[in-house]
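K.L.:
Got a structure here, written out as structure tokens. Questions coming.
The values are calculated or read from the model by the stated rules, or taken from the named source; none is laboratory data. These numbers were taken from a predicted model, which means no experiment stands behind them. Neighbour counts run over all protein chains shown; Cβ positions are idealised from the backbone, glycine included.
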């Protein structure tokens with residue numbers, strides 16, 4: 001407790017800065033610090049790890065996690081979770097190649113159709129959770145199964161004649177070509193990051209998200225249509241999973257079965273490393289961006305170390321625990 | 001929002017009414033199980049013009065056992081309002097240890113079984129300490145330890161293979177008769193006792209209201225650790241049953257149990273918000289999930305669509321549960 005009026009007028013600059021750096025904002029910096037640390041350690045172990053080319057490659061892979069984690073960020077901010085991302089992503093990838101058949105002329109409508117698929121699954125998730133009170137874990141788990149079954153069944157286990165199609169060159173270019181020395185995919189990620197940051201910090205919709213995450217009942221009593229916002233956020237999550245599917249199929253060229261599986265745990269881990277509270281109401285997408293980069297850079301270092309599979313899996317888990325213990329702890333109770 | 005049923009004084013409900021309301025989710029789980037059983041028999045008869053016999057029922061029981069154990073362990077954690085995603089990794093690890101180290105001979109089988117259960121308890125204790133003393137969210141802790149236990153399992157058994165003694169299979173997953181039902185009975189009896197022990201009551205108390213439980217002298221941290229230790233041990237037991245059923249090992253075969261154990265718990269009528277439900281319901285839920293796969297097979301449904309129907313069934317079952325609970329006036 002600072003005393004009186006003079007301290008308000010003559011607040012030292014460092015104290016203003018400290019007041020600006022709330023614990024939530026500090027976590028974003030910690031997350032970027034962790035990312036830089038991983039690159040420094042990588043460069044020490046393998047000179048060239050932090051070279052421009054290597055960083056660029058790592059950032060592109062991190063962007064895939066970042067896209068999925070964008071949707072996950074939205075639903076985690078209201079205390080929810082989306083377990084349906086792996087097969088929404090995979091279904092999106094399959095839908096894109098089977099409807100575009102690798103032709104640029106059909107690329108635009110295929111992309112729109114794919115994004116609509118993501119929105120539709122998100123709509124179903126959101127309605128089940130918000131209007132029928134199905135727990136988010138159960139609803140999205142069930143939806144993951146539904147999308148898996150539909151993807152496998154309708155594509156006959158990815159053996160259908162159009163399933164082997166490549167992504168349209170236009171879509172591949174988004175990931176593979178550079179614009180002014182920067183991969184177009186990273187510019188897309190930058191644009192999305194700016195949009196989400198604006199949405200969360202500077203719009204009433206964003207403020208409503210945080211309000212619901214902190215206290216759903218109070219938000220309802222304050223006149224926020226909690227159900228509508230919930231449905232909208234799950235739709236965004238579906239949209240971003242579908243977007244990740246499109247970008248991923250552009251990167252790899254073809255759709256494969258199980259291509260979405262790693263992205264469930266990675267998207268959640270990226271949010272958590274980025275300082276987003278799994279209980280909702282706290283955190284920022286900028287943190288998630290840092291979390292995605294940290295995670296992918298860490299995996300790259302372990303790969304460069306030629307660490308066997310089992311060792312990578314263990315180090316991966318231990319690192320997440322370590323980061324959690326550093327700043328993911330809840331307040332002491334009584 | 002207050003209906004007549006809710007404002008009525010507590011005493012005016014008869015014992016039977018009270019029992020019915022308390023056990024509605026469990027009863028629903030058993031009704032779903034019965035319905036699924038009937039559906040299975042009908043479809044089986046339509047396809048083969050005979051009723052499922054000893055062989056078919058034995059196979060249903062034996063394939064269900066790993067899920068029964070994984071689900072019961074998960075139930076205890078969910079009752080404390082937690083979640084254990086690491087069961088998948090622990091099943092992998094137990095499965096791998098059994099397949100690589102166990103030899104025929106009573107000493108080896110018993111010794112390794114106990115050792116594997118101890119490993120499960122240790123893994124659970126790590127989860128529990130991180131949740132209780134580390135003050136971390138259960139879903140995050142067990143997400144990280146899932147990765148760690150999966151890694152250790154691959155270290156133990158890098159490629160699918162190994163073998164468990166044939167005698168071990170005969171004891172845990174006898175192919176000649178559904179003798180494994182003994183273990184199901186054992187779980188039911190243990191649960192009946194557990195529910196009435198100090199530990200059992202405390203687990204439910206934490207799930208219902210952690211602050212109130214703490215204020216009443218429940219040692220919340222100790223009980224939480226105990227819940228995760230039990231979950232780890234049950235997951236290890238599930239790994240042993242899986243090894244016995246498949247007679248060999250695979251360090252990734254346990255991964256599916258992360259999601260199916262949660263599905264069994266949900267179908268068993270255990271509330272995700274903690275403090276409500278009965279592990280016997282989870283046992284029923286595990287059998288329902290196994291029967292569902294058989295039903296889909298005999299309904300001539302393309303196996304590729306299997307997860308579609310599993311997912312749909314899970315959501316519909318939960319919607320049904322919510323609907324019935326609202327009808328009998330029990331909230332949550």
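K.L.:
Going through the range A:122-136 one residue at a time, which ones are closer than 20 Å to residue A:91 by Cα and surrounded by fewer than 23 Cβ atoms within 10 Å (Cβ to Cβ)?
P.N.:
A:123, A:124
K.L.:
Tell me the helices (runs of 4 or more DSSP H) entirely within the range A:62-166 that contain at least 2 residues that are more than 13 Å from every other protein chain (Cβ to nearest Cβ).
P.N.:
Where helices (runs of 4 or more DSSP H) fall fully within the range A:62-166 and carry at least 2 residues being more than 13 Å from every other protein chain (Cβ to nearest Cβ), they are A:85-100, A:107-131.
K.L.:
Out of the range B:275-303, which residues are surrounded by fewer than 21 Cβ atoms within 10 Å (Cβ to Cβ) and under 19 Å from residue B:203 (Cα atoms)?
P.N.:
Of everything in the range B:275-303, those that are surrounded by fewer than 21 Cβ atoms within 10 Å (Cβ to Cβ) and under 19 Å from residue B:203 (Cα atoms) turn out to be B:275, B:276.
K.L.:
Of the residues in the range B:231-257, how many are in a helix (DSSP H, G or I) and surrounded by fewer than 23 Cβ atoms within 10 Å (Cβ to Cβ)?
P.N.:
Residues in the range B:231-257 being in a helix (DSSP H, G or I) and surrounded by fewer than 23 Cβ atoms within 10 Å (Cβ to Cβ): 2 in total.
K.L.:
Which one is modelled with the lowest pLDDT, of the residues in the range A:277-292 that are surrounded by 24 or more Cβ atoms within 10 Å (Cβ to Cβ) and under 22 Å from residue B:148 (Cβ atoms)?
P.N.:
The extreme case among them is A:291.
K.L.:
If residue B:120 satisfies all but one of (1) within 14 Å of chain A (Cβ to nearest Cβ); (2) in contact (Cβ under 8 Å) with a residue 40 or more places away in the chain; (3) within 17 Å of residue B:77 (Cα to Cα), what's the number of the condition it fails?
P.N.:
Condition not satisfied by residue B:120: (1).
K.L.:
Okay, next question. Which condition does residue B:182 not pass, out of (1) farther than 21 Å from residue B:61 by Cβ; (2) assigned to a helix (DSSP H, G or I); (3) free of Cβ contacts under 8 Å to residues at least 12 places away in the same chain, if it passes all the others?
P.N.:
(1)
K.L.:
Which residue, of A:256, A:288, is in a helix (DSSP H, G or I) and touching a residue at least 40 places away in the same chain (Cβ under 8 Å)?
P.N.:
A:288
K.L.:
When the range A:27-51 is examined, which residues are found to be surrounded by fewer than 16 Cβ atoms within 10 Å (Cβ to Cβ) and closer than 30 Å to residue A:77 by Cβ?
P.N.:
A:29, A:33, A:36, A:37
K.L.:
Of the residues B:285, B:277, which single one is closer than 27 Å to residue B:147 by Cα and within 14 Å of chain A (Cβ to nearest Cβ)?
P.N.:
B:285
K.L.:
How about the range B:212-250: which of its residues are under 20 Å from the mean Cα position of the chain (by Cα) and within 13 Å of another protein chain (Cβ to nearest Cβ)?
P.N.:
B:224
K.L.:
Kindly indicate the residue of the range B:54-84 that is over 10 Å from the mean Cα position of the chain (by Cα) and within 14 Å of another protein chain (Cβ to nearest Cβ) and also surrounded by the fewest Cβ atoms within 10 Å (Cβ to Cβ) among those meeting that condition.
P.N.:
Ranking the candidates gives B:81 first.
K.L.:
If we scan the range A:303-321, do we find a residue that is away from chain B (no Cβ under 14 Å), part of a helix (DSSP H, G or I) and within 30 Å of residue A:47 (Cα to Cα)?
P.N.:
Scanning the range A:303-321 turns up at least one residue that is away from chain B (no Cβ under 14 Å), part of a helix (DSSP H, G or I) and within 30 Å of residue A:47 (Cα to Cα).
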